[in-house]
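Every number in this text was worked out from the coordinates using simple rules, so none of it is lab data. None of these values were measured; they are calculated from a predicted model. Here Cβ is always computed from backbone atoms with ideal geometry, including for glycine, and neighbour counts include all displayed protein chains.
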Amino acid sequence: MAKDSITGKERLLSGADPQLDSLGERVYLDIDLANIGPSVAYGTDVRGLDIKVAGTFPSVAGIQSGGLEGLRVDATLWGTDGRRAVGIYAVLTVTGEAKCLTGFFCGAEIEVINTGTLATATDCAYAILQLRDTADAGVGRNPLQSFIRLRQGGNRAALNLFNFANEDSTTAAADHDTRMVVAVGNAAVANGCAIRCVINSVPMWILASLTPPA
């Protein structure tokens, strides 16, 4: 690896780090960018690590079997007595005095910027986030298996399970062509709305009420 590619601490060999006391801890690549002082005026985003990848699809449709991945993390696990295993782990620590007066903070943000055309129903599948489970049939069923696990930490619960930011008023839109949460006149749902889901290309509606349970 060229020295001008990464600045900071570099350790790409296997085995324990001699600077660490723990025999079990391994640090194969440690990038320390030091502290960014509060005097810096952020005209644009400040990035600790910036990876840019650009690729061009072939002009003839159907001639390639692979795609383009901006970042790939491939971890393989062996053994029978591990504590935890995670493919990607991100932590954002917000200290007591840190505040976002405008905007937001979150553990991870994923954005798709699409300037192409998605005009017909025959276009490819399109999602901001795709969760894929490829457990083999021979592994058996696990009652704890799920696509999404919501784990509450700390001693104060989050107020919302979901926050549809464009639907945070008490009056939802009635046009289901442009909104995923729409107003409904169903008598079984007092002052209610419906959340649009799609199962096997068939729209399904989850009825919800604006009135909390008694």
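Here are a few things to note about the model shown:
- Residue exposure sequence - Lys99, Lys52 - by fewest surrounding Cβ within 10 Å: Lys52, Lys99
- Computed from backbone phi with θ = phi - 60° and the Karplus coefficients 6.51, -1.76 and 1.60, the 3J(HN,Hα) list for the stretch 44-61 is 9, 5, 9, 10, x, 9, 10, 10, 10, 10, 10, x, 10, 6, x, 6, 8, 5 Hz; x is used for glycine and proline.
- As a proxy for reagent exposure, ranking Ile148, Ile88 by other Cβ atoms within 10 Å from fewest up yields Ile148, Ile88.
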